[in-house]
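As structure tokens, the structure follows; a few thoughts come after it.
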Amino acid sequence: MTEAHLCHARGCTRAVPPKLLMCLPHWRLVPLPLQRAVWATYVPGQEVRKDPTQEYLRAAHDAIGAVAAKEAARGNAHGE
């Protein structure tokens, strides 16, 4: 049985397709330059092969951090 792939925003439990980093509500919190960096470093199929590049991992880390910072600033732990 395959486990659900969850949004990578801290504390989020929403299921998303494996090629997506986050659910739509959290993705909308990611600044556009970071969104572009995530997609620019995404390699199709990396979610199947489990081999993301270091560049993608850095961009994803930055995007996750940006969402966490926005949620913390508005006192909302999970973007809801």
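Considering only protein heavy atoms, what per residue accessible area in square angstrom results for the chain with a 1.4 angstrom probe?
Numbers: 5230 Å² over 80 residues.
Value returned for the chain: 65 Å² of accessible area per residue.
Add -39500 (n - 2.57) for each DSSP H run of 4 or more in the chain, then divide by its residues: what number comes out at 222 nm, to the nearest 500 deg cm²/dmol? Intermediate values should be presented prior to the final figure.
Numbers: 4 runs with 38 residues, N = 80.
That calculation yields -13500 deg cm²/dmol at 222 nm.
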- line: Each label sits 7 Å from Cα toward the beta-carbon; between LYS19 and HIS5 the label points are separated, in nm, by 0.9
Mean shadow area of the chain, taken as a quarter of the surface of its Cα convex hull (nm²): 5.2
Relative contact order, percent, the chain [alpha-carbon distance under 8 Å, six or more residues apart]: 30
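Given a 1.4 angstrom probe, I'd like the percentage of the accessible area of the chain that is carbon and sulfur, rounded to a whole number. Intermediate results must be reported in sequence, preceding the final value.
Numbers: 3150 of 5230 Å².
Carbon and sulfur atoms account for 60 percent of the accessible area of the chain.
The values are calculated or read from the model by the stated rules, or taken from the named source; none is laboratory data. Because the structure is a prediction, the values reported are computed rather than measured. No Cβ is skipped: glycine too gets one built from the backbone with ideal geometry, and neighbour counts run over all protein chains shown. In case anyone asks, the SASA skips ligands and DNA or RNA and just uses the protein heavy atoms, side chains included. Shrake-Rupley method; radii C 1.70, N 1.55, O 1.52, S 1.80 Å.
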